[in-house]
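Please treat every number below as a calculation from the coordinates, not as lab data. What you see is a predicted model, and the numbers here were worked out from it, not measured in a lab. When we count neighbours, we look across all protein chains shown, and the Cβ atoms used for this are built from the backbone with ideal geometry, even at glycine.
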Amino acid sequence: SQQGEEDPQALSIQEGENATMNCSYKTSINNLQWYRQNSGRGLVHLILIRSNEREKHSGRLRVTLDTSKKSSSLLITASRAADTASYFCATDWNDYKLSFGAGTTVTVRA
Amino acid sequence: EPEVTQTPSHQVTQMGQEVILRCVPISNHLYFYWYRQILGQKVEFLVSFYNNEISEKSEIFDDQFSVERPDGSNFTLKIRSTKLEDSAMYFCASSRQGRNEQFFGPGTRLTVL
């Protein structure tokens, strides 16, 4: 299976702290995308990093990609209560589908 | 900001009935997808659609499933004879091109009784 696997499964942090989660995958990819899902809701696209990129930023989000280790990390800086959600990595290894991991559930405590 | 929309938000049906889930992708996007998420499980790819034909489908997408783009804006998923195990959240997504960001709709929660 190509599916990415996130680590840790769950993360609880204090508001203002940083949250880091990792994603590992198995085969070569075109790109890797990170999504957020609030409980019972849709998937919100956060960021896409291509296989020839090593780092990308978007607001308080920082994503890294290490293709030699087949891994990616998502860092959320200065977390807020509104960041409480599940975060998924999804790998695109052909043009037509994404393979999702099981997600990291992040709880930000006020 | 353009969004993918889906209707209905929740569909309840009896086992064996046909359901049609509807999606309006983002208007300048060319690739369309359906995914599903059974409660507590991973998001799973069902099918992709480009240039009015299926590009790829998963093993889940058997003869009971079909997709259609009946006009220039809608993209539908039909389940011909629903089973209990079809109960899930169904997400539509679209992207401008392959290998681009896929933007997801809010989902349709399908409950099969």
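Structure above, values below:
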item: Value of relative contact order over chain A, rounded to a whole percent, pairs C-alpha under 8 Å and six or more apart; result: 39
item: Around residue A:107: net Lys/Arg minus Asp/Glu count, Cβ-Cβ under 11 Å; result: -1
item: DSSP beta bridges in the protein assembly as shown [antiparallel fraction, %, rounded to 5]; result: 90
item: Size of charge dipole - the range B:7-113 - debye, nearest 20, with Cβ of Lys, Arg +1 and Asp, Glu -1, no other charges; result: 280
item: In Hz, Karplus ³J(HN,Hα) per residue of the range B:5-18 (6.51, -1.76, 1.60; θ = phi - 60°; x = Gly, Pro); result: 10, 9, 9, x, 6, 9, 10, 10, 9, 8, 3, x, 7, 8
item: In the protein assembly as shown, lysine pairs closer than 30 Å at Cα, eight or more apart or cross-chain; result: 25
item: Partner chain coverage, peptide A:38-45 - average Cβ within 10 angstrom; result: 5
item: Charge dipole magnitude, Cβ of K and R +1, D and E -1 - the range A:5-109, Cα centre, debye nearest 20; result: 120
item: Net +/- balance of residues flanking residue A:80 in space, Cβ distance below 10 Å, scoring K and R +1, D and E -1; result: -1
item: Sequence ranges A:73-85, A:20-32, B:2-14, ranked by mean other-Cβ count within 10 angstrom, highest first; result: A:20-32, A:73-85, B:2-14
item: Selection from A:19, A:42, A:101, by position along the positive dipole direction of the range A:5-109 (Cβ); result: A:42
item: Rh (Kirkwood; distinct C-alpha pairs) - chain B, Å; result: 14.0
item: Equivalent-ellipsoid semi-axes of the protein assembly as shown, from the Cα gyration tensor, Å, largest first; result: 30, 20, 16
item: Label point distance in nm, residue A:26-residue B:10, each placed 7 Å from Cα along Cα→Cβ; result: 3.7
